[in-house]
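Some notes on the structure that comes next.
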Amino acid sequence: MSNINISFILEALGTFAFAISGIRLAAQKDFDLFGAFVVGFVTAVGGGTIRDLLLDTRPFWMTDSIYLIWTLTALLFVILFRKYLIKMNNTFFIFDTIGLALFTVVGIEKSLIAEFPFWVAIIMGTITGVAGGIMRDICINEIPLIFRKEIYALACIFGGICYHVCHINGLDQMFTQIATCSTVLVIRILAVKLKISLPKIKGENA
């Protein structure tokens, strides 16, 4: 399988996972079908749009309608399996974490293809992973998850460091992608399960 096909699959899975996470939260807020679709689409493409604008390239979803189709597929998936998804209390967490991991890899690789230095690639990978979620939470009138106590963006940064270590050691690209995704997933899951968080900045009255 070529590197292009692998990247395409990662982006497809990430888009689908993030769209489901957005649609799932929109359903909890009693959005109508169109509103849920918009929230899902914003979640799926928001981070990549900001990344592409910063990399001075046309936003990826404007050149291919497949991202709209994937979001629509995610909406149909939520409609068809709504009862099962509701019973799974951690549905949002699962799909959001998967999307976070996959999009971190996509953001890093697109930045490297554009010949930016690695420190930029790690930042772009993090933006690709977290910015869509920020837009999603704003749309549903919630405090963005990245600004809460849970470790979120930091998982993307560690994933980027893992990618860099694998890259400079000449490891196979597929192994590098799997290792990076696994790093983001493990850190995110452990942070939530063990309630690990960063220290808060104390105010004057603290």
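Rule-based calculations on the coordinates, nothing more; no lab input. Remember, it's a predicted structure, so these values are computed and weren't measured experimentally. Every residue, glycine as well, gets a Cβ built from its backbone with ideal geometry; the counts of neighbours run over all protein chains shown.
What to note about this one:
- Spin-label model distance (nm) - N169 vs I79, 7 Å beyond Cα toward Cβ: 4.8 nm
- Once the mean of 1/r is taken over each pair of separate Cα atoms and inverted, the chain shows a Kirkwood hydrodynamic radius of 17.2 Å.
- Cleavage-rule hits (trypsin sites (Lys or Arg not before Pro)) in segment 102-201: DSSP loop, at most 15 neighbouring Cβ within 10 angstrom: R148, K149, K195, K200
- Once the GluC sites (Glu not before Pro) in DSSP loops with at most 11 neighbouring Cβ atoms within 10 Å are cut out of the chain, the longest remaining piece is 1-114.
- Shape metrics for segment 80-192, restricted to C-alpha atoms - Rg then Dmax, Å: 14.9, 46
- Footprinting exposure proxy for T126, T97 (fewest neighbouring C-beta atoms within 10 Å first): T97, T126
- Peptides 166-174, 38-46 ranked from most to least packed, by the mean per-residue count of other Cβ atoms within 10 Å: 38-46, 166-174.
- Among complete DSSP H helices in the chain, those whose alpha-carbon atoms stretch at least 15 Å along the helix's long axis and whose mean Kyte-Doolittle hydropathy reaches 1.6 are 66-80, 153-168.
- Every Cα-Cα pair of segment 9-96 was included, and the share exceeding 19 Å stands at 35 percent.
- Pairs of Cα atoms farther than 15 Å apart, segment 113-162, %: 48 percent
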